[in-house]
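Derivation of every value follows stated rules applied to the coordinates shown; laboratory data play no part. Treat the numbers as computed from the prediction; the structure is a model and nothing was measured. Note that each Cβ is placed from the backbone with ideal geometry, even for glycine, and that neighbours are counted across all protein chains shown.
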Amino acid sequence: MKLLLSSFFALVMTSLCVGQTQLQLEFTGFTQEKGALMVAVFTQDNFNKAPSFAKKVAVKGDSLTLEFNNVPEGEYAVMAFQDLNGNYKLDKAPNGHPKEPFGLSQNPMLMGPPTWQALKFTLEESTEPVQIKMVNN
């Protein structure tokens, strides 16, 4: 009986882990070693809402790498900003342009708010790290 339960548990755990991988994000282009990088990872269903995954890390140097473990394979988009003043929000000018450095997956050249189509990428087991260049205004 114990062997049967142990085998069942192992099977369930293995099936839960199938199709999950590590999401590695490499950010470059920081010009100020201050504040925190606020990172949000979205699916299409929650794009521009509550993220699926999020992290806050101190900015030390001109680049940094973040990892999210056990992320289901699929399509994602990443939005990040460097919170220079510690207010936990992306400060914007009256015209809506960001006043703090920001970065987006796929590094698009946008004329307006980012869209799912412009930012999405596919995460699979073999996916290389996602390169994100910070935009400094």
### Summary
So the angle from the long Cα axis of helix 2-17 to the longest Cα principal axis of the chain, reported in degrees to the nearest 10, equals 30
### Query
Taking the simple approach of a point 7 Å from Cα along Cα-to-Cβ for both L84 and Q22, what is their distance in nm?
3.3
#### Entry: Among G96, T28, V59 the positive-end extreme of the charge dipole of the range 21-133 (Cβ point charges)
G96
### Query
Want the number for K34 to D62: 0.36 nm per residue separation, take away the alpha-carbon distance, what's left?
9.0 nm
### Under 14 Å from K120, Cα to Cα: aspartates and glutamates that are on another chain or at least 8 residues apart
D45, E73, E75
## Note on the structure
In nanometres, the difference between 0.36 nm per residue of separation and the alpha-carbon distance of D45 and E128 is 27.5 nm
### Query
So, by mean Cβ neighbours within 10 angstrom, what's the order for 112-119, 93-100, 76-83, 19-26 with the highest one leading?
76-83, 19-26, 112-119, 93-100
### Task
Considering only S63, S126, S105, give the residue with the highest GNM mean-square fluctuation for the chain, with springs between Cα atoms whenever their separation is below 10 Å.
S126
### Fraction of beta bridges assigned by DSSP in the range 21-133 that are antiparallel (%, nearest 5)
85
## Note on the structure
Taking alpha-carbon centroids only, the range 26-69 lies from the range 108-137 a number of Å equal to 12
